[in-house]
Amino acid sequence: MNARLFATALWALASSVSASAQTPDLAAIARSSGTPEIPGLKMVWLAPWGDLAKSHPWRNIIVHQTEGPAGSARGGAQAQSKKATRRGVTVWVETDGTVYWSTAETVIPTHGDGANRNDNKYLDNTKTYRAVVKTNSIGVEFVGNYPDVVKPATREQAQAWLLLVRFLQERYDIPAENIYAHNWIDFKDRRYCEGCDLASLARKLAYAPGKRPGGE
């Protein structure tokens, strides 16, 4: 893991644990509808949550990083909101930690490259090859690594991510092992490992969601 992001992660993890201790009922909030207040997160809702029972059955989370400058998350999310199935993701995270929910959770944006990685470089791709794809994976995009693609996520992004990922896991009943960096499942830019530090951080958090009401 990038040394700067690791130091950032330690700070963010301590902060998020403190914040979660004050959260009255994470599961109840995660399973609500509309535009809920999520403790510790600044949420901008371009599309509200609907009835959870009618949401798309997301089973994975894919972490992306776009080569967009600081301040570009709002524009990306707004463009996604206007054309939900364009190449992009459902959730965008600005460098200051602001989270933009861009599309209805019933819509499948175009992200990923079909899980074409099969070299087992980062993990066992026999479990992901052609399996972790846009139709079963909700995408989260972090902006800010322009013009330096190896620039790590900001402290604010890491802190927001550790809170956000738990809500995504809780809402869609996604285990930590189903969180993936884009580079883990697709052949990407060789200059850096897209999403790897953030995905590793979320897996280290090892949050275990509860079952959906009526689930197995």
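The values are calculated or read from the model by the stated rules, or taken from the named source; none is laboratory data. Bear in mind the structure is a predicted one, so any value in this text is a computation, not a measurement. Note: ideal-geometry Cβ built from the backbone for every residue, glycine included; neighbour counts use all protein chains shown. To get the accessible areas, we keep the full protein, side chains included, count just its heavy atoms, and leave off ligands, DNA and RNA. Shrake-Rupley method; radii C 1.70, N 1.55, O 1.52, S 1.80 Å.
Taking only protein heavy atoms and a 1.4 Å probe, the accessible area of the chain is 51% carbon and sulfur. The residues 142, 187, sorted by heavy-atom accessible surface at 1.4 Å with ligands and nucleic acids left out, run 187, 142 from largest to smallest.
3J(HN,Hα) couplings calculated from phi for segment 177-191 with the Karplus curve 6.51 cos²θ - 1.76 cosθ + 1.60 (θ = phi - 60°) are, in sequence order, 6, 9, 9, 10, 7, 4, 5, 5, 10, 10, 6, 10, 4, 6, 6 Hz; Gly and Pro show x. Rounded if a/c is under 1.5, else prolate if a/b is larger than b/c, else oblate: which is the chain, with a ≥ b ≥ c the root eigenvalues of its Cα gyration tensor? Rounded is the answer for the chain, as its axis ratio a/c remains below 1.5.
Looking at the chain alone, DSSP beta bridges between its own residues are antiparallel in about 20 percent of cases. With the simple model of a label 7 Å out from the Cα in the direction of the Cβ, residue 116 to residue 42 spans 3.8 nm. Backbone amide hydrogens, once placed in the peptide plane, bring residue 110 within less than 5 Å of 86, 87, 88, excluding anything fewer than 5 places away on its chain. Legend: residue pairs 134/204; 54/134; 54/204; 121/188; 82/127; 127/204, Cα-Cα distance threshold 22 Å; pairs beyond threshold, 134/204; 54/204; 82/127.
Suppose every K and R has +1 on its Cβ and every D and E has -1 on its Cβ; what is the size of the dipole of the chain about the Cα centre, in Debye to the nearest 20? Working shown, then result.
Working: 26 positive and 21 negative charges, 66 e Å.
Dipole magnitude for the chain comes out near 320 debye.
Dipole orientation for the chain: of the candidates 123, 196, 176, 123 has the Cα lying most toward the positive pole (charges on Cβ; Lys, Arg +1; Asp, Glu -1). Annotation: per residue accessible area for the chain equals 45 Å², rounded to a whole number [probe 1.4 Å, protein chains only]. Which one of 152, 108, 66 has its Cα pushed farthest toward the positive end of the charge dipole of the chain, where Lys and Arg give +1 and Asp and Glu give -1 at the Cβ? Working it through, the farthest residue towards the positive pole turns out to be 108.
Evaluated at 10 °C with a viscosity of 1.306 mPa s, what Stokes-Einstein diffusion coefficient in µm²/s does segment 71-160 have when Rh comes from the Kirkwood expression over alpha-carbon pairs? The partial results should precede the final answer.
Working: Rh = 14.2 Å.
So the translational diffusion coefficient is about 112 µm²/s.
Values of log10 I(q)/I(0) for segment 138-204 across q = 0.11, 0.26, 0.29 Å⁻¹ run -0.26, -1.30, -1.47, by the Debye formula with one identical scatterer at each alpha carbon and no solvent.
This model, with +1 at the C-beta of Lys and Arg and -1 at the C-beta of Asp and Glu, gives segment 38-152 a dipole about its Cα centre of some 320 debye.
Restricting to DSSP loop positions (anything but H, G, I, E, B) with no more than 14 other Cβ atoms inside 10 Å of their own Cβ, which GluC sites (Glu not before Pro) remain in segment 33-117? Of the GluC sites (Glu not before Pro), the ones in loops of segment 33-117 whose Cβ has at most 14 other Cβ atoms within 10 Å are 37. Note on residue 191 and residue 107: their simple-model spin labels are 3.0 nm apart, each label 7 Å out from Cα toward Cβ.
Note down the accessible area of residue 127, probe 1.4 Å, to the nearest 10 Å². Result for residue 127: roughly 150 Å² accessible.
When the helices in the chain are scored as -39500 (n - 2.57) per DSSP H run of 4 or longer and the sum is shared across all residues, what 222 nm value do you end up with, to the nearest 500 deg cm²/dmol? Could you put the intermediate results ahead of the total?
Numbers: 6 runs with 66 residues, N = 216.
Helix contribution divided over all residues of the chain: -9000 deg cm²/dmol.
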